[in-house]
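Structure record follows, encoded as structure tokens.
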């Protein structure tokens, strides 16, 4: 009888332990599934936000890494074409393809030639606007790389910006794979004065511009990279397209917007 009681007591204690373990396992599997879904969606996500609260309001008590709090916006709040924007294509084009990008994001690297293809094939109807959205919680080098291409812009204008941007996407393996010490050398390879470039980069004076781009993207509803917004300057309509979707997906959206008068 004593042996039977011991077995019963043991089983009584084991059942709740197994129940808790099962719940924990189910939670872990769910989190893993969600992470896979995010990756398969063609985008790298982070909690985006604005300091001091913006459209949609801030949530959560403490700022996330990087000094930001979560907020949610909408594409119709995106900045229209600005004087300091970096563009490829005709600035008077009807359709703006506004990309919020991270130079260490593998999906942004994959989308880079797709954006160029859209500019080329729409021949004056689409202009590509590049803005910064560095995901510094997972890509700690992306902020400095964004500052680097802004230094290229200061030294050599729009052409200098695009030459260094193209170069970084060409050589980085993504996900913090680029050695930041190589940035002056890369700048030299695209024709920039390395000394002037390094002085600019070391000053940190471009950080404010990069942060402003990020905040505008968050205000416009961007939460991951590449975050793309189509803006029809004729109708004023906008469309947020997250992720590195294929050319055909963008073509469908652009064609539909161009049909509207």
Does at least one position in segment 215-222 carry a residue that is in contact (Cβ under 8 Å) with a residue 60 or more places away in the chain, buried (at least 22 other Cβ atoms within 10 Å of the Cβ), assigned by TED's automatic domain parsing to the domain that holds residue 151 and closer than 16 Å to residue 142 by Cα? yes
What do you reckon, is residue 229 free of Cβ contacts under 8 Å to residues at least 40 places away in the same chain and in contact with a strand residue (DSSP E or B) (Cβ under 6 Å, 6 or more places away or on another chain)? no
Filtering segment 73-86 down to residues that are closer than 15 Å to residue 161 by Cα and in contact with a helix residue (DSSP H, G or I) (Cβ under 7 Å, 6 or more places away or on another chain) yields 86
Could you check segment 142-154 and list, in sequence order, the residues that are surrounded by fewer than 21 Cβ atoms within 10 Å (Cβ to Cβ) and closer than 17 Å to residue 179 by Cα? 144
Search segment 162-194 for residues being touching a residue at least 40 places away in the same chain (Cβ under 8 Å) and in a helix (DSSP H, G or I), and hand back the single one that is surrounded by the fewest Cβ atoms within 10 Å (Cβ to Cβ). 166
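Criterion first (touching a residue at least 40 places away in the same chain (Cβ under 8 Å), under 19 Å from residue 121 (Cβ atoms) and in contact with a strand residue (DSSP E or B) (Cβ under 9 Å, 6 or more places away or on another chain)) does residue 241 satisfy it? Let's see the steps before the verdict.
Values: touching a residue at least 40 places away in the same chain (Cβ under 8 Å): no; under 19 Å from residue 121 (Cβ atoms): yes; in contact with a strand residue (DSSP E or B) (Cβ under 9 Å, 6 or more places away or on another chain): yes.
No.
The values are calculated or read from the model by the stated rules, or taken from the named source; none is laboratory data. As the structure is a computational prediction, the values presented were derived from the model and not from experiment. As a convention, Cβ positions derive from the backbone with ideal geometry for all residues, glycine included, and neighbour counts pool all protein chains shown.
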